[in-house]
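This report concerns only the one structure given below.
What follows draws every value from the coordinates through simple rules; no lab data is involved. Because the structure is a prediction, the values reported are computed rather than measured. Glycine also receives a Cβ, built like all others from the backbone with ideal geometry; neighbour counts cover every protein chain displayed.
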Amino acid sequence: MIAAIAISCSQQKKSPIEGAWQFVYSKTMIGDTLKSEFPGDYSGSDMKMWSKDHFVFVGLFKNDTTTRNNYGGGTYKLKGNRYEEYILYHANKVAVGKNVKMILELKNDTLFQTYPVDENGKIDSVSYYYIEKYVRLK
């Protein structure tokens, strides 16, 4: 009886990405060519948060005299380093309803997202791809 109660009260294992993360760096690539970089080509800030199976991000970016709100959210699946987001809402309405496949690398309190990738986790180096770096907020 005690074992059954202990098992039923134990929490499910928490995903290592759950929590709040600060966006600190990104680069946009096409093949081996750097197209843009943050910070540098634009400024601002962004934060991304994960719960058990949902994500949300919000921020504001500036490029010269233009500012752009950045927000979105939806559900996600994480299996090993393979990560997939299903976009439920987004500042760019074209993104709504899309699945985005990524590779996640987690090194202590630093997280890297590389996307888009194919079913095998490979980058399409002919098209644009992105590498983003986040640090865990305490």
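Using +1 on the beta carbon of Lys and Arg, -1 on that of Asp and Glu, and nothing else charged, what's the dipole of the chain about the Cα centre, debye to 20? Please report the intermediate quantities before stating the final value.
On the way: 19 positive and 15 negative charges, 78 e Å.
It works out to roughly 380 debye.
For mean projected area of the Cα convex hull in nm², the choices are (i) 7.6; (ii) 10.6; (iii) 9.6; which was calculated from the structure?
(ii)
Relative contact order of region 18-136: what whole-number percent is it, with Cα pairs under 8 angstrom and at least 6 residues apart?
On the way: 279 pairs, mean separation 29.3, N = 119.
That works out to 25 percent.
Could you check the simple spin-label distance between residue 88 and residue 47, using points 7 Å along Cα→Cβ, in nm with one decimal?
Label-label distance for residue 88 and residue 47, simple model: 2.0 nm.
Express in nm, to one decimal, how much length is gained between residue 131 and residue 79 on full extension, taking 0.36 nm for each residue of separation and deducting their alpha carbon distance.
Working: separation 52, 0.36 × 52 = 18.72 nm, distance 1.90 nm.
Extra length from residue 131 to residue 79 when fully extended: 16.8 nm.
Provide 67, 75 in ascending order of the number of other Cβ atoms located within 10 Å of each residue's Cβ, fewest first. Present the calculation step by step, with values, prior to reporting the outcome.
Numbers: 67 12, 75 15.
With the fewest neighbours first, 67, 75 line up as 67, 75.
Which percentage, to the nearest 5, of the DSSP beta bridges contained in region 37-125 is antiparallel? Don't jump to the answer; show the numbers that get you there.
Numbers: 37 of 37 bridges.
Bridges in region 37-125 that DSSP calls antiparallel: roughly 100 percent.
Give the aspartates and glutamates whose C-alpha is closer than 20 Å to that of residue 138, dropping any in the same chain fewer than 8 places away, or say none.
18, 46, 105, 109
Taking a cut-off of 19 Å between Cα atoms, list the lysines near residue 122, but don't count ones fewer than 8 places away on the same chain.
Cross-link targets: 27, 77, 79, 98, 101, 133.
Give me the number: length gained by fully extending residue 100 to residue 69, i.e. 0.36 nm times residue separation minus the C-alpha to C-alpha distance, one decimal in nm.
The residue 100-residue 69 span can extend by a further 9.1 nm.
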